[in-house]
1. Of the residues that sit in the stretch 72-88 and are in a strand (DSSP E or B) and more than 10 Å from ligand 2 (Cβ to nearest atom), which one is farthest from ARG181 (Cα to Cα)?
2. Suppose we filter ALA24, ALA29 for residues that are at pLDDT below 95, touching a helix residue (DSSP H, G or I) at 6+ places or on another chain (Cβ under 6 Å), at negative phi and not assigned by TED's automatic domain parsing to the domain that holds SER153; which single one remains?
3. Would you check if SER113 is assigned by TED's automatic domain parsing to the domain that holds GLY61, within 16 Å of ligand 1 (Cβ to nearest atom) and either touching a residue at least 24 places away in the same chain (Cβ under 8 Å) or surrounded by fewer than 21 Cβ atoms within 10 Å (Cβ to Cβ) (or both)?
4. If you scan the stretch 73-110, which residues turn out to be touching a strand residue (DSSP E or B) at 6+ places or on another chain (Cβ under 6 Å), of a type in the set (Ser, Thr, Tyr) and away from ligand 1 (no atom under 15 Å from the Cβ)?
5. Identify, from the list GLY107, GLY128, the residue that is within 16 Å of ligand 2 (Cβ to nearest atom), over 16 Å from the mean Cα position of the chain (by Cα) and surrounded by 15 or more Cβ atoms within 10 Å (Cβ to Cβ).
6. Any residue in the stretch 93-110 that's more than 7 Å from HIS82 (Cα to Cα): show its pairings with residues that are away from ligand 2 (no atom under 11 Å from the Cβ) and in a loop (DSSP other than H, G, I, E, B) at Cβ separation under 6 Å, as long as the two are six or more apart or on different chains.
7. In the stretch 47-81, how many residues are within 13 Å of the chain's Cα centre (by Cα) and within 19 Å of HIS98 (Cβ to Cβ)?
Amino acid sequence: MKRTIWILGTVAFLAAAMGAMPGAASAQAGSSTKGEAALAAIEARSGSMVKGQAEFTVSSGKVTMTVTVTGLTPGSHAIHLHEKGDCSDPEANSAGAHWNPTNAQHGRWGEGSFHRGDIGNLVANAAGEATLTFATDLWTIGGDVGTDVIGRSVVIHDKADDFQTQPTGNAGNRIGCGVIRAR
Ligand SMILES: [Cu+2]
Ligand SMILES: [Zn+2]
């Protein structure tokens, strides 16, 4: 009897361990992470007044991102997807580098070499408001790890992206950050 209980316990443990493996997790992802929409709530960092959101939807094989932000200084501000879904640091350094699953050079989206997170620049009006709509078939919501935006972060910078300086675009401080979550 004792031995039977031990075996059952081992089976339960193995089942739990397999559930945590990447292969098994993707089979479960249908209900939890593979979806048609995602959202990042953008919060202020580096002492800024930035607030906003980035919404992601899927249509005809493309992901469309719609960003609305307030609290910016008028003018251009770099916006990127960064590799880590972690905005906990006061200066958003926890978000890591630009999302770059293809090991590319930083650049301008759609021209030569560019990171998968190199969205470009937001342009804020005199009231500090900016909106941007961006669509691409290079991203997915819940697809392959090299395309999946879930678990990345949206980062907004103090300065404009110059599309040349490696590996950051010389965009300065990280003034807004939001983790991209399935919804
Ligand atoms: Cu950035
Ligand atoms: Zn980049």
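The values are calculated or read from the model by the stated rules, or taken from the named source; none is laboratory data. These figures come from a predicted structure and were not determined experimentally. Glycine gets a Cβ as well: all are built from the backbone with ideal geometry, and neighbour counts include every protein chain shown.
1. Top of the filtered list is GLY75.
2. Answer to the selection: ALA24.
3. Considered against the rule, which asks whether it is assigned by TED's automatic domain parsing to the domain that holds GLY61, within 16 Å of ligand 1 (Cβ to nearest atom) and either touching a residue at least 24 places away in the same chain (Cβ under 8 Å) or surrounded by fewer than 21 Cβ atoms within 10 Å (Cβ to Cβ) (or both), SER113 comes out as no.
4. none
5. Of GLY107, GLY128, the one residue that is within 16 Å of ligand 2 (Cβ to nearest atom), over 16 Å from the mean Cα position of the chain (by Cα) and surrounded by 15 or more Cβ atoms within 10 Å (Cβ to Cβ) is GLY107.
6. From residues that are more than 7 Å from HIS82 (Cα to Cα), the pairs are SER94/ASP86; SER94/SER88; PRO101/GLY146.
7. Total satisfying the criteria: 8.
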